[in-house]
Amino acid sequence: MLKNDDTIVAIATPSGYGAIAVIRISGNNSIKIIKKIFDSFSKNKIEKNSIQLGYIKYKNQLIDKVLIFLFKKPKSYTGEDIVEISCHGSIYIQNKLLSIILDQGARLANPGEFTLRAFLNGKIDLCQAESILDIVNSETFFSHKFAINQIRGNISILIRKLRKKIINLLSLIEFELDFSEENCNFINYLEFKKMLYNIIKKLKTLIRSFKIGNALKNGISVSIIGCPNVGKSTLFNKLLKYERSIVSNIAGTTRNYIEDSLIINGIKFRFIDTAGINNNTKDYIEKLGIKKTYSKIKKSDLILYVFDDFNEKFIFKKVKSLQEKYPKKKIFIIINKYDLIKKKIKPINYKKIFKISAKYGYGVNNLLSEITFFSKKITSLKERTIVITQTRHYESFKKAIFYLYKVKKNLSSISPEFLSIDIRTALDYLGKVTGEVTNEDILSNIFSKFCIGK
């Protein structure tokens, strides 16, 4: 995976027919290969950064009229010589050109290998490499915004500053270690602890941002739950504005969860229609569905608890039980089939109640507005706030904090040698985020998620 002394090729555009397609070649022999098969209209030499129009010819056969984009190293995406061929989007032409280039000694690129080479050649760090994938996969304003900020190096710059501060702490420890036999204390422990505190504080801020970043990148999770046949699937369909779930009068129609997404005001919401909660069931399949319902509740940002009648004691009992089990979860109480209910509906235990008719759409727009308003509370950000969206970063920061806390706790009670080990471990975890410290397993895991042409 890490070998990069050969020449690679891949189709960089989506598979299938299109107006144009792009074939990308990178490596030492890129220019040599293109010289053999490209006939430029301008007759200019293919030796410097340029765009040239001409024909691809192979074995006396005219293949296509193309544009050639030449990027000489090191001023290219990968840091190597790159040639990009913009050809017509015929599947035959794409495959023929790919076959010709492979015949000239290139090999087919692995997923993400162009970006991997950019990382290995120092064009980008690991944070920026991940952000490239996020840009390609971005679906909303916010997921795009975070990816753009990351590719600009916002997170990387902050991490480098934190690593520099930790290295300064390590230098003090190492200095004292060098003069340990002379019983000299070079460390001002109060100042040292203050510096540690400030570093930990910054890392904690990044960790807290992960919940927001993850929600805005992957979508705010909204689970629709309730007893069987209360109208969960009908509400699910109404929110999505099309028939996604099967709806019937038979209790237990939904046996497994169904998930779909909706983008509102640049924010992605993932609505989940769950199996009805029937704790008295003896049906094995239904029990499995209920188990999955609770697993979705655990991962959700918001719960829509649907009832089809206003029984105050029953609703209070059910909502209280769920809130005790998941105390940090936000729960909206939904009274569905409101058009059939004759009782007066009032708030329960200071919780707002949403009166709706999912079948006819009454109250659904109001509910959607409240869901959107709720999303703003959990995703509100100050301008220029640095947000992390990668689980890998989150885990590394948590581990770095763990070892820095160990140093803070043991600062005056154990040998500087052991403090040095913990500080170095914290440094390594921060270095893994940007790729200053890495291994082949980490790189393989990251770049295998890319498409082949990237």
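Computed from the coordinates by the stated procedures, all read-outs in this text should not be read as laboratory data. Everything numeric in this text was worked out from a predicted model, so none of it was measured. Using ideal geometry, Cβ is built from the backbone for each residue, glycine included, and neighbour counts are taken over all protein chains shown.
Per DSSP H run of at least 4 residues, take -39500 (n - 2.57); add these up for the chain, divide by its residues and hand me the 222 nm value, nearest 500 deg cm²/dmol.
So the calculated ellipticity at 222 nm is -15000 deg cm²/dmol.
What whole number of Å gives the distance from the Cα centroid of the range 255-288 to the Cα centroid of the range 49-72?
That distance is 53 Å.
Below 11 angstrom from the Cβ of Lys329, what's the summed charge of the other residues (Lys, Arg +1; Asp, Glu -1)?
With Lys, Arg at +1 and Asp, Glu at -1, the net is +3.
State, as an integer percentage, the relative contact order of the range 282-333 based on alpha-carbon contacts under 8 Å between residues 6 or more apart.
Averaging sequence separation for qualifying contacts and normalising by length gives 45 percent for the range 282-333.
Under the classification rounded if a/c is under 1.5, otherwise prolate if a/b is larger than b/c and oblate if not, where does the range 8-123 fall, given a ≥ b ≥ c as square roots of the Cα gyration tensor eigenvalues?
Note, shape of the range 8-123 comes out oblate.
Could you pull out every residue, at least 5 positions away or on a different chain, whose amide H is within less than 5 Å of the one on Lys359? Hs are placed 1.01 Å off N in the peptide plane, and Pro or chain starts have none.
Lys337
Among Thr389, Thr425, what is the fewest-to-most ranking by other Cβ atoms within 10 Å?
Exposure proxy ranking, most exposed first: Thr425, Thr389.
Sort Cys451, Cys87 by Cβ crowding within 10 Å, fewest neighbours at the top.
Fewest to most other Cβ atoms nearby, the residues stand as Cys451, Cys87.
With a ≥ b ≥ c taken as the square roots of the eigenvalues of the C-alpha gyration tensor of the range 95-172, please select rounded if a/c is under 1.5 and otherwise prolate if a/b is larger than b/c or oblate if it is not?
Note, shape of the range 95-172 comes out oblate.
Find the relative contact order for the range 8-123 and round it to a whole percent, using C-alpha pairs within less than 8 Å whose residues are 6+ positions apart.
This gives 31 percent for the range 8-123.
Is the range 219-358 best put as rounded, prolate or oblate by its Cα gyration tensor, with a ≥ b ≥ c the root eigenvalues, rounded for a/c under 1.5, and otherwise prolate when a/b is larger than b/c, oblate when not?
Taking the square roots of the gyration eigenvalues as a ≥ b ≥ c, the range 219-358 is rounded.
Amide H to amide H, which residues 5 or more places from Ile220 or on other chains are under 5 Å from it, using H placed in the peptide plane?
Those lying under 5 Å, H to H, from Ile220 are Lys268, Phe269, Arg270.
Could you list Asp5, Asp309 in order of exposure, starting from the residue whose Cβ has the fewest other Cβ atoms within 10 Å?
Ranked by crowding around the Cβ, least crowded first: Asp5, Asp309.
With Rg/Rh (Cα atoms, Kirkwood Rh) in mind, check [x] 1.54; [y] 1.00; [z] 1.09 and report the label derived from this structure.
[z]
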